[in-house]
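Have a look at the structure below, then the notes.
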Amino acid sequence: MPYEVRRDFIGYGASPPDPQWPGGARLAVNFVINYEEGSEPSFALGDGVTENGLTESHGLNQVKSGRDLAAEGMFEYGSRVGFWRLHRLFQERGLPLTIFGCGMALEANPEAAAAIRKAGYDICSHGWRWVKHFELSEAEEREHIRRAFESLSKTVGRPDGWYCRYGPSVNTRRLVVEHGGFLYDSDYYGEELPFWVTVDGKAQLVVPYSLTNNDGKYAGWMGTSDQWFSYIRDAFDMLYAEGAKTPKMMSVGLHMRLIGHPARAVGLQRLLDTMMQRKGVWITRRVDIAKHWVATHPYPGKGLNE
């Protein structure tokens with residue numbers, strides 16, 4: 001039977017598996033920088049609209065037609081300034097992270113791409129462009145996946161994972177498996193541990209992501225670094241406490257044009273320093289979580305969707 005997306009309200013239930021994290025860690029933490037700037041919908045790329053998502057321009061609706069140069073500048077800030085601030089915070093602490101990279105965006109900034117390669121950050125494909133895949137036809141989506149994989153392989157290195165903007169289409173996972181170049185995908189928000197699914201008879205690992213533990217909160221109801229820090233720290237504290245009996249995984253999503261600003265980045269700085277003070281925390285790359293799961297919890301012959 002061909003693969004179709006089915007809803008699952010049970011998952012691991014009351015008895016999730018022991019991840020057996022390296023060193024007996026209670027909690028695996030993965031930080032993700034979403035590198036989107038330069039691939040978003042724009043007049044320059046022929047879209048006839050200016051993207052303003054996750055910027056201070058969002059919701060202002062100041063431009064009724066034509067280019068929104070304020071929003072364009074906010075995206076450019078992320079690539080020109082925000083990336084380097086976030087990169088410095090992780091490099092100063094010797095911490096790994098994952099890049100959710102859009103192929104076109106990284107082609108637009110070769111200096112940042114070179115820094116990513118040198119730092120050894122792992123790459124998860126965030127698409128060829130920062131567009132909504134559920135609005136693409138199947139043929140268009142297949143082509144976007146191919147172009148993203150080939151582009152990222154040239155600029156920053158072969159991507160190990162896949163993640164759409166916001167949400168996938170009903171075809172995305174099948175097309176990702178069809179492409180065959182990805183170890184895992186992260187197009188799921190309904191779990192806190194990796195799990196296997198079966199797609200057209202093939203094993204596919206899902207490493208879930210979070211829009212909750214995310215700096216996207218700055219584009220909503222949150223205003224200060226204190227608020228963001230305490231919010232994410234509370235999630236960390238609960239997962240860390242639970243991890244004494246049932247080890248957990250935590251994803252933290254970052255955007256260069258949001259948390260890359262100084263008044264927000266200080267919250268990330270405090271969070272990193274707080275996490276580093278705790279024993280039994282494995283701050284790691286996403287690909288290392290995926291490879292660990294494959295090694296310790298190999299595909300059992302059927303996925304949770306069967």
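If the condition is being part of a strand (DSSP E or B) and surrounded by fewer than 16 Cβ atoms within 10 Å (Cβ to Cβ), then segment 180-206 contributes only LYS202. With respect to the conditions (1) farther than 30 Å from PRO300 by Cα; (2) surrounded by fewer than 16 Cβ atoms within 10 Å (Cβ to Cβ); (3) out of contact with any helix residue (DSSP H, G or I) (no Cβ under 9 Å at 6 or more places or on another chain), ASP226 lacks only one, and its number is (3). Filtered by the rule that a residue be in contact with a Lys or Arg (Cβ under 7 Å, 6 or more places away or on another chain) and surrounded by 13 or more Cβ atoms within 10 Å (Cβ to Cβ), segment 232-246 gives LEU239, TYR240, GLU242, GLY243. Can you go through ALA263, ALA290 and tell me which one is within 23 Å of ARG88 (Cβ to Cβ) and either assigned to a helix (DSSP H, G or I) or aliphatic (A, V, I, L, M) (or both)? Unique residue meeting the criteria: ALA263.
Can you name the residue in segment 169-179 that is of a type outside the set (A, V, I, L, M) and in contact (Cβ under 8 Å) with a residue 40 or more places away in the chain and is also surrounded by the most Cβ atoms within 10 Å (Cβ to Cβ) among such residues?
Of everything passing the filter in segment 169-179, ARG173 is surrounded by the most Cβ atoms within 10 Å (Cβ to Cβ).
Within segment 78-87, at least one residue is without any contact (Cβ under 8 Å) to a residue 24 or more places away in the chain and either of a type in the set (D, E, K, R) or in contact with a helix residue (DSSP H, G or I) (Cβ under 7 Å, 6 or more places away or on another chain) (or both).
Here PHE9 clears all of (1) touching a residue at least 12 places away in the same chain (Cβ under 8 Å); (2) among the aromatic types (Phe, Trp, Tyr); (3) surrounded by fewer than 13 Cβ atoms within 10 Å (Cβ to Cβ) except the condition numbered (1). Contact map, segment 257-285: residues that are touching a residue at least 60 places away in the same chain (Cβ under 8 Å) paired with residues that are among the basic types (Lys, Arg), Cβ distance under 6 Å, separation 6+ or inter-chain. Pairs shown: GLY260/ARG85; ALA265/ARG85; LEU272/ARG93; GLY280/ARG26. Of the set (1) modelled with pLDDT under 95; (2) of a type in the set (Gly, Ala, Ser); (3) over 24 Å from VAL207 (Cα atoms); (4) assigned to a loop (DSSP other than H, G, I, E, B), all apply to GLY38 but (1).
The values are calculated or read from the model by the stated rules, or taken from the named source; none is laboratory data. Please read these numbers as outputs of a predicted model, since none were measured by experiment. All Cβ positions, even for glycine, are placed from backbone atoms using ideal geometry, and neighbour counts span all protein chains on display.
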